[in-house]
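Below: one structure, written as structure tokens.
The values are calculated or read from the model by the stated rules, or taken from the named source; none is laboratory data. Given the structure is predicted, the values throughout are model-derived calculations rather than measurements. Every residue, glycine among them, receives a Cβ derived from its backbone with ideal geometry; neighbour counts consider all protein chains shown. Only protein heavy atoms, including side chains, enter the accessible area calculation; ligands, DNA and RNA are left aside. Shrake-Rupley method; radii C 1.70, N 1.55, O 1.52, S 1.80 Å.
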Amino acid sequence: MGIRERVARLLEEMPRAAQFPSQGATLFVDLERRETVSAFTPLAVTRTVLAGRGANMYYLHRLLDESLTPLHPDIPLIFGSGLLTGLVPSAARGNCTSWSPESGVLLDSNAGDYFPSFLRMNGFDHIVLYGKAPAWTMIVIREGVVTLEDASPYVGMDNIEMREAVAREVGGTWTKNLAMVNITRAGENLVLTSGVMAGPKAVYARGGPGAKMGSLGLKAIVTLAQTHEFPTARPYKPYNRHIAQKLLATSVVKNALSKTGTPFLYKPSRMLGAMGTRNNQETTWTEGLDAEHFDRYRPGMEGCFRCPVNCRPLNDLHKSTPDKYDKGDGPEYVTLGKFGPNLGIDSVEAVIRLNNICNDLGLDTASTGSALGWAFELFQRGLITTKETGGIALQWGDAATIETLLFMTAAREGFGAVLADSTKAVEKGHYPREALRYLIAVKGLGQSDPHDARILKAFALGLAVATRGMDHLRNRATLEINARINDNAAFKSELYGGVVSAEPNGYAGKERAVRACEDIYAVGDSVGMCRFTTKLFNSPTLPGLEEFRTQIANVTGLEFSDAELRQCGLNVMGVERLINHRLGVRRQDDTLPDRWFDEPNPSGPYQGEKIDRQEFDDLLSRFYAISRLTSEGVPEEAWRKQLVGALGQT
Amino acid sequence: MVTVNFPAALQPLSGATLVVRESVHTVGQLVKALDRLVPGLAHELDDPLYNFAVNDELLLHNVDARPVKDGDVIEIVPSMAGG
Ligand code: SF4
């Protein structure tokens, strides 16, 4: 069955009117035929997986044809905003979902800035894109009216130039009434580490969404609309004040996030001996990249739509004759780690500049940093030489060469074409098979953050079981690095719904910590809440299920208990695992890089620590058991039937 | 004598560094001594944001009982997650 038949069948089941106050429509865009149609997510789906990431999974589950390949135009690319996106403080987020051309498994990526909220201001909660546009196309949505326009004037533009041109030609003002998601040259060139930009720095980063959007011939989606209030079931603003106060009163927000942003995490990771260095061959790096060394380059902070936290550091290298990469937005902790220790770079200025270049080129810093780190280690070991790199010596810490390689990657020029194939470099014949021994990736996706998880077993389990591949943002039990929580056994048990070992390197109960985080984060993504401000990620006191269900009831009139909402989170993971199973994922894929099993951690207070294969396998079995998963990691039969009953057959 | 270095967020209360001259043998005792020097500091430190590092070794559990000896340098390290 082709995509058009699948969409037609789905549309037959979808209501033509909103099912609850504030619900926006789902816009289906056939880029090849230049046709659009809209309908609404059924209520049974909302009650099962909410909206945002959750409902994106419903659309992918129904429309995916796994006999094709990820970049086939019949494989849809789906954007979705959360149930509370644009209405609640710090709920500024949305997800982008497809079949990943980079990893070969689920593609699901989250971003904030203004697009997810402004999409809703135009009356849409989701956009489902399919078919290859006959010529480069830009979708423009003006006050809810959709037009498909010629994007050829923007072809070849990267992010900075594109944003200037669109503001000029389309009109409107960023952050007031104009928002955009767009690809860069990297997306046009199907670079597998390319993201879909959602702002100067905000990016749907992971899994190659830029390449997927490029394969459809879509350069951008632009929204233009006045911000407005939504009709809601009940007044919700008084409770918004409670949420905002709660956010701003939380220590991690007040003392860290809104002052410096996420680079704070670098220091504890390096002191612990858990800072992935030189592609995780080492685990500690210079004090010179501690967050305070970025202070002098940070002129201010910015934030996403109606978020009072403003956690995003701006940067300025204070050059007397600056070029366009000497000022910008970021870096976040991931970029600091991936373009600092991971590549042997010890200069704050170099990290900032490379961050700014990646933002312009639309490159996912996690996957691009991973691809570079892998290549550098292969060069160090002689598995590749200047013959393969086109004469370029890959020397750790050589920021100038790395800068050149970023531009070559975006253009798929020379050795850049190899880096552009990311984790697929062996499959594509660029590297010998032996290279896979040094790849720090799970399910085909390079590690998102630089934290070497040989020590913290909850972190390790999370990276192994994350449905989109090796990524910490799906389920990181970050509070495992907070000693006051580890030392309060009763509080820790209450937090995770059972006993979890106080020892960071212990295995006992760690499945509970990951399960609890995965559930609440999936709910957070499906209501549009930022991960940084969701309970358990950064603090036990940030907004969680209670706040989400209260505002869901106020905004939509839909009542959920805490248990029902938690079940929605579990359901999202369940559908994702059903999708991954169709894509060939099995228990053996919920694993970790060999290096973490085989090589002891070389430094720090936990020197010698590694992952024990048997202990890990037992931990994985316990995780499956409490997650209602079979021994192969898919939902048990009764639950699978419930999910398929609510979401429909594929 | 034990030297304690504080992060920027605590410095309005503690200053950048405090030196504890009374005899302390554990981190738990050290926190009480700090509170005697700067009333309210123990309350501020009872916050999951802050970890203790003793001579650059970051402590992640069983902190109050960890030994501290004369000449040690303690650092209060904010710990958080990022993306
Ligand atoms: S906490 Fe930061 S990233 Fe999250 S929504 Fe607010 S400003 Fe955006």
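Figures for the structure shown
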item: Max mean-square fluctuation residue, GNM over chain B, Cα-Cα springs under 10 Å, options B:VAL38, B:VAL27, B:VAL68; result: B:VAL38
item: Choice from B:PRO39, B:PRO12, B:PRO67 with maximal GNM fluctuation in chain B (Cα, 10 Å cutoff); result: B:PRO12
item: Per residue accessible area in Å² of the protein assembly as shown, where ligands, DNA and RNA are left out and the probe is 1.4 Å; result: 32 Å²
item: Neighbouring partner chain Cβ atoms per residue of A:253-265, average, 10 Å criterion; result: 4
item: Binned Cα-Cα distance frequencies in region A:1-134 - 10 Å width, integer %; result: 13, 46, 35, 7, 0
item: Additional length obtainable on full extension of the chain from A:LEU68 to A:GLU5, 0.36 nm per residue less Cα span; result: 21.1 nm
item: Förster-model FRET efficiency, 35 Å R0, A:ARG47 and A:MET301, C-beta, rounded to 0.05; result: 0.40
item: Under the Debye formula (equal points on every Cα, no solvent term), log10 I(q)/I(0) of region A:328-382 at q = 0.13, 0.22 Å⁻¹; result: -0.29, -0.76
item: Convex hull per residue volume in Å³, alpha carbons only, for region A:162-221; result: 71 Å³
item: Mean Cβ neighbour count within 10 Å, used as a protection proxy, ranking A:134-144, B:72-82 highest first; result: B:72-82, A:134-144
item: Rounded to the nearest 20 debye, dipole of the protein assembly as shown from Cβ charges on Lys, Arg, Asp, Glu; result: 1280 debye
item: Cα-based equivalent ellipsoid, region A:252-446: semi-axes from gyration tensor eigenvalues, Å; result: 29, 18, 15
item: Local electrostatic count, B:ALA33, Cβ distance below 12 Å [Lys/Arg +1, Asp/Glu -1]; result: +1
item: Dipole magnitude of region A:457-647 about its Cα centre (Cβ charges: Lys, Arg +1; Asp, Glu -1), debye to nearest 20; result: 280 debye
item: Area accessible to solvent at A:VAL252, 1.4 Å probe radius, in Å²; result: 0 Å²
item: Cβ-based charge dipole, region A:252-446, positive-most Cα from A:THR321, A:GLY303, A:GLY369; result: A:GLY303
item: Average beta-carbon neighbours from other chains, 10 Å sphere, peptide B:59-68; result: 5
item: Average other protein chain Cβ within 10 Å of Cβ, residues A:164-172; result: 0
item: Cα-based convex hull volume of region A:538-650 per residue, rounded to whole Å³; result: 156 Å³
item: Linear extension gain, A:ARG433 paired with A:GLU149, 0.36 nm per residue minus alpha-carbon span; result: 97.8 nm
item: Dipole of region A:457-647 [Lys/Arg +1, Asp/Glu -1 at C-beta], most positive-end residue of A:THR556, A:LEU570, A:THR541; result: A:THR556
item: 27 Å Cα-Cα threshold exceeded, pairs from A:LYS201/A:LYS237; A:LYS457/B:LYS32; A:LYS201/A:LYS457; A:LYS492/B:LYS32; result: A:LYS201/A:LYS237; A:LYS457/B:LYS32; A:LYS201/A:LYS457
item: C-alpha center-to-center spacing [region A:40-119, region A:335-413] in angstrom; result: 30 Å
item: Shape parameters for region A:457-647, alpha-carbon atoms, Rg then Dmax in Å; result: 16.9, 54
item: Ordering of A:43-56, A:361-374, A:497-510 by packing [mean C-beta count within 10 Å, highest first]; result: A:361-374, A:43-56, A:497-510
item: Value of relative contact order over chain A, rounded to a whole percent, pairs C-alpha under 8 Å and six or more apart; result: 16 percent
item: Total charge dipole magnitude, region A:3-224, about the Cα centre, Cβ charges on Lys, Arg, Asp, Glu only, Debye to nearest 20; result: 420 debye
item: Principal axes of the protein assembly as shown: Cα extent on each, largest first, Å; result: 79, 64, 54
item: Projected area averaged over orientations for chain B, convex hull of C-alpha atoms, nm²; result: 5.3 nm²
item: Net +/- balance of residues flanking A:PRO134 in space, Cβ distance below 15 Å, scoring K and R +1, D and E -1; result: -1
item: Value of [θ]222 nm, deg cm²/dmol, for chain A, DSSP H segments ≥ 4, -39500 (n - 2.57) each, nearest 500; result: -11000 deg cm²/dmol
item: Net charge over other residues, Cβ less than 15 angstrom from the Cβ of A:LEU27 (K, R count +1; D, E count -1); result: +1
item: Over region A:3-224: Kirkwood hydrodynamic radius from C-alpha pairwise inverse distances, Å; result: 16.9 Å
item: All-pairs alpha carbon distance profile, region A:57-118, 5 Å steps from 0, percent; result: 4, 19, 26, 18, 14, 11, 6, 2, 0
item: DSSP beta bridges in chain A [antiparallel fraction, %, rounded to 5]; result: 75 percent
